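First the structure, in the form of structure tokens, and then the observations on it.
The values are calculated or read from the model by the stated rules, or taken from the named source; none is laboratory data. Predicted model, so just to flag it, every value in this text is computed and none were measured. Virtual Cβ from ideal backbone geometry, glycine too; neighbours counted across all protein chains shown. Only protein heavy atoms, including side chains, enter the accessible area calculation; ligands, DNA and RNA are left aside. Shrake-Rupley method; radii C 1.70, N 1.55, O 1.52, S 1.80 Å.
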Amino acid sequence: MKSMFKTGQINGDLLIYHVLLTLKPYYAKPYEIVVDLTHAGPSNRFKTDFLSKWFVVFPGFAYENVAAIYIYNCNTWVREYTKYHERLLTGLKGSKKLLFIDSPARLADHVEPDQQKLPAATLALEEDLKVFHNALKLAHKDTKVSIKVGSTAVQVTSAERTRVLGQSVFLNDIYYASEIEEICLVDENQFTLTIANQGTPLTFMHQECEAIVHSIIHIRTRWELSQPDSIPQHTKIRPKDVPGTLLNIALLNLGSSDPSLRSAAYNLLCALTCTFNLKIEGQLLETSGLCIPANNTLFIVSISKTLAANEPHLTLEFLEECISGFSKSSIELKHLCLEYMTPWLLNLVRFCKHNDDAKRQRVTAILDKLITMTINEKQMYPSIQAKIWGSLGQITDLLDVVLDSFIKTSATGGLGSIKAEVMADTAVALASGNVKLVSSKVIIRMCKIIDKTCLSPTPTLEQHLMWDDIAILARYMLMLSFNNSLDVATHLPYLFHVVTLLVATGPLSLRASTHGLVINIIHSLCTCSQLNFSEETKQVLRLSLTEFSLPKFYLLFGISKVKSAAVIAFRSSYRDRSFSPGSYERETFALSSLETVTEALLEIMEACMRDIPSCKWLDQWTELAQRFAFQYNPSLQPRALVVFGCISKRVTHGQIKQIIRILSKASPLLSIDRGLENCLKGPDNYNSQVLIEATVIALTKLQPLLNKDSPMHKALFWVAVAVLQLDEVSLYSAGTALLEQNLHTLDSLKVFNDKSPEEVFMEIRKPLEWHCKQMDHFVGLNFNSNFNFALVGHLLKGYRHPSPNTVARTIRILHTLLALVGKHLNCDKFEVNTQSVAYLAALLTVSEEVRSRCSLKHRKSLLLSDVTMENVPMDTYSVHHSDSSCRTLRETQPWTSPKVSERYLVVHYPTVGQISPRTRKSMSLDMGQPSQANTKKLLGTRKSFDHLISDTKAPKRPEMESGITTPRR
């Protein structure tokens, strides 16, 4: 079959019938099939139901006699198609009868040339080739390719094999000259290729880029010259189009520089109003010899306004004619056309509400033409923005339709394309007429699209089908954020919510855009006339502006290598690599960075709220974060949990239970035995480590807000220990933070005044005893045998942690425990007894105070460290009472390191990032920790926390005193 199958053009059932008839003579004997996939793509794909029908209707003996199936020119689209339909194509996977062929020569090894029957267009691709080897295609994963430029097409052939249907295959993507929209040489080693119907340009690197670009331009030019000269044909005028068409001719020519033409145009206008009975209220009278001045714009506009008000049924035809003739007019007449077009735009809303779908579609078509005119008319760009889009922005009922057209146009161009950037820029003009409404529409659309990502979650936001829409709307928000066009007084909670979900996400320019959005929001708060802030609040805002512009915040937003975020954010051309999704190097984003950003935004919001009576901003932000925190979405749920923990001013027993359920789901070690499937929806493919870290951070932040009588306080100790047992560098810091917060919270509740920590925690452990024994066995540290030494065994791993803050926190925890174990005995904390000996032994190497208070036989061999607890983040909060303002964060920024004390000998700990978690995943070397095999068993152990998340209600929370607690010395 040499005719190409096109979806929707050829009846699928007839195609199957034709294939069956063609193969019928060969069913009884062995036969071979050659499948040419050269032109395979979205336009000729088989839909899922149609594909499954092929396997149903073919007789079994037809499969048995197939000797071989030769697949020629497999491409990237085919690979993705087979992945999507993997279940249907399972029978073909790994089949020895399936052979992938990547050249005519290889096909000739199996099939005689006269029997191949390949189409001439396919064979022509191998003629007059210029081949460029060792090129690099930049994408999510950079791949080595060969670029072949022929007489009619460009072929991009992978240099490395990839898996298709279980076989190793070379992929060959073909782009015909007719499909190439633009070829751009970025620099001497890089160029981009823009292909029709592909949102993102293809980016390549090669040493001979100039030669490649020249060759591609040559075949593109040759194709253009081969096309027949297009003869412009005017659209046929229908009878109902006559009044609108003639009206535009009359008004446009009234502005002509030729006096005779002006007079003729005036008389045409008079005849038009008389013939079609247009209501012009006696302003016109046809006569000869009338002298009309060249400067009659006001007269033309007044006539247009009158007719627009009295004859709205002419609107669609009139506007279509105006747009059609716009590009052919001179600059002066284009300005005149914009003037008399504007009054008619208000009438478009009449047709949007019309029951006739055809009229609504014509409105959309007119908007699309106006958008195209905006993009193409560079000289008229400012005037079109002001006259057309400024006017349309004032039409409330038309905004949704306009924004739909904007986003559709942006999406067809792709993120960073000229279309997308022009549309984002035009949104500013749209908002100028109605800031509140336009900003509300854009922000609500962004929130709704982000909400939809929960319906089909992906590991990262960039992998989601809605990503392009999210990224495009983020650009819209950046453009609108200047001069308070986002109406920050109304939308601040939603803006901060979006920022926390998008920070350090996407390509470099988008990360810079998110940073610029924050800067512009703070600037709008400073300059907004709706809000009257005190001088103290203004000072906080000014300091925040300065702080967010510092390099440390560039690092948090994933743009640490950028000199100017504003410059990167406005790299608007898609020729720039900064917008390409596969051409940027992602900077690692830690949840601790999100903590810092959220705390900074929270400080801004709280400062502003003090000057606004009954302000609900924080409640709204908390509600938004909570909704995402408790909903399955691997790309956003961890972020939402961290934000929820940072900004919440109250927490319920039920919310803590929900977070523990999420933690149980994220880690097999913490999984619960029953009822979980009813509590959480979604598959078991959580991004485990990130989600575990997020839940632990949230629990750390929320515990001080929990009712003092809640049983969760004591139970969270074992949650922290379980996280430490996971033996992951990336989780250890969060686990120690939760442990430290837990000890200080319980101490402030006077839990240890009458009982030792061992008695308190072993009592709450009883329901878990059977499971914990198994874990103790695998880990090699038995809490039943000796609680204190087992706990110290886990904490000693903190001395090896790559983060100095975590090392210092480990030492603080040991000091705290040393103070707590003797508290109920009212003895000196340095007294050596069965409770304190484990902590004293652990602190001997790092604490001068312990060494000076304890009698040592071999003192010099114990001197190991110089880490001090002074000037190191404390990360702990007081127990919270009803006044939400009493919880304040005492935390230095993550870019500061603990200062070295002269009391300790100099042994420098590595700075953050010096030891990569990728190369050092376990800190349990030489410490009695499990082997890799035992670790797998440990992670498979099912541990029940059912008693922690039972349905019993937590007791009511009484008022409590607040205050920052500090470690006991």
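For the reader, a short list of remarks on this structure follows.
- The shape of the range 359-412 comes out oblate: with a ≥ b ≥ c from the C-alpha gyration tensor, a/c is at least 1.5 while a/b does not beat b/c.
- In the range 440-533, trypsin sites (Lys or Arg not before Pro) in a DSSP loop with at most 15 other beta-carbon atoms within 10 Å: none
- Solvent exposure ordering (accessible area, 1.4 Å, most first) of MET479, MET380, MET205: MET205, MET479, MET380
- Note, ³J(HN,Hα) from phi for the range 599-614, Karplus 6.51, -1.76, 1.60, rounded to Hz, x at Gly and Pro: 4, 5, 5, 5, 4, 4, 5, 5, 4, 5, 5, 5, 9, 10, x, 6
- Given LYS378/LYS441; LYS665/LYS755; LYS334/LYS419; LYS29/LYS148, the pairs whose alpha carbons are separated by over 31 Å: LYS665/LYS755; LYS29/LYS148
- Cα gyration tensor shape of the range 33-99, rounded if a/c is under 1.5, else prolate or oblate by comparing a/b with b/c: oblate
- Modelled spin-label separation between ALA108 and ASN784, with each label point placed 7 Å from Cα along the Cα-to-Cβ direction: 7.8 nm.
- The stretch between GLU80 and LYS436 holds 123.8 nm of extra length on full extension. This uses 0.36 nm per residue minus the Cα-Cα distance.
- Computed from label points 7 Å out along Cα-Cβ, the spacing between ASP611 and ALA566 is 2.3 nm.
- In Å², nearest 10: area of TYR17 left accessible to a 1.4 Å probe: 130
- At an R0 of 35 angstrom, the distance between the Cβ atoms of LYS353 and TYR381 translates into a FRET efficiency of 0.70.
- Nitroxide proxy distance, nm - points 7 Å out along Cα→Cβ at SER178 and LYS538: 6.5
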